[in-house]
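I have placed the structure first, in the form of structure tokens, so that the comments after it can refer back to it.
Rule-based calculations on the coordinates, nothing more; no lab input. Computed from a predicted model, the values in this text were never measured in an experiment. Cβ placement follows ideal geometry from the backbone for every residue including glycine, while neighbour counts extend to all protein chains displayed.
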Amino acid sequence: MIPSLLCYFAGSLIGSSSEIPEGSSKNVTLMFIERTSGLGRTNADETHVGWIEVVCGSMFSGKTEELIRRINRALIARQKVEIFKPSIDTRYHIEDVVSHNSASVRSRPVTHARDILEIVGSCDIVAIDEAQFFDAEVVEVCNELANRGKRVIIAGLDMDSEGKPFGPMPALMAVAEYVTKVQAICVVCGELANYSFRKVATPGQVLLGETDSYEARCRRHFLEGRKQQ
């Protein structure tokens, strides 16, 4: 087992090892544990490179909450963090990144992903929330940041309200070293939910909203709801 990464979600191990500790339940849930090394040079000959982490899932699955948890741990470790979100996301606050349970951290809204490169400066960690709202350029930006030696933490919806891959998220998941898929609870049956069901008949991929417009559903009840619309 690689000691620098342990992450179980909904009974599945996310990371580089498939080993489950002896005596553990398959449904045990452990938090993501950050790499303890890699940021900064250990000697003059070692290349300074970072990495990319993606936290994805449906609405109400705890993506932003997990992003904030990782940010807070980095701040405790006295690492310099820069936090960004797309300027289109003004649901809770114009500037803050806010989770559904009202946890929040200050961020910088940006219109284009490329703007992040001009702002990050000498920070250790770059955190990006609601990454699905950026265009495909965000993938190149995140790769460049990681190549510069920064830890990049990204949170976003992996699927839209039609159950289709959302924006740049599939490409971000492909280039990331670590992908954590979190799951919500289906409001219909209480099972694990991977889908964001839109309750209102509004066209277009992007509709900013909360429980008034969306609810988390499992595959079965997502499909049933879509048939009834």
Students often check this: by mean Cβ neighbours within 10 Å, which of 142-149, 106-113 ranks highest, and how do the rest follow?
142-149, 106-113
Amide H of Leu157 versus every other amide H placed in the peptide plane: which residues, excluding those fewer than 5 positions away on the same chain, fall under 5 Å?
Ala131, Gln132
Given H placed on each backbone N at 1.01 Å, which residues far from Ile83 in sequence or on other chains put an amide H within less than 5 Å of it?
Arg108, Ala127
Hey, can you grab everything whose amide H is under 5 Å from the amide H of Ala193? Only 5+ residues off in sequence or another chain; H modelled, so Pro and N-termini drop out.
Ala184, Ile185, Cys186
Residue-ordered couplings for the range 214-226, obtained by feeding phi - 60° into the Karplus form 6.51 cos²θ - 1.76 cosθ + 1.60 and rounding to whole Hz (Gly and Pro as x), are 9, 8, 7, 9, 6, 4, 4, 7, 5, 5, 4, x, 5
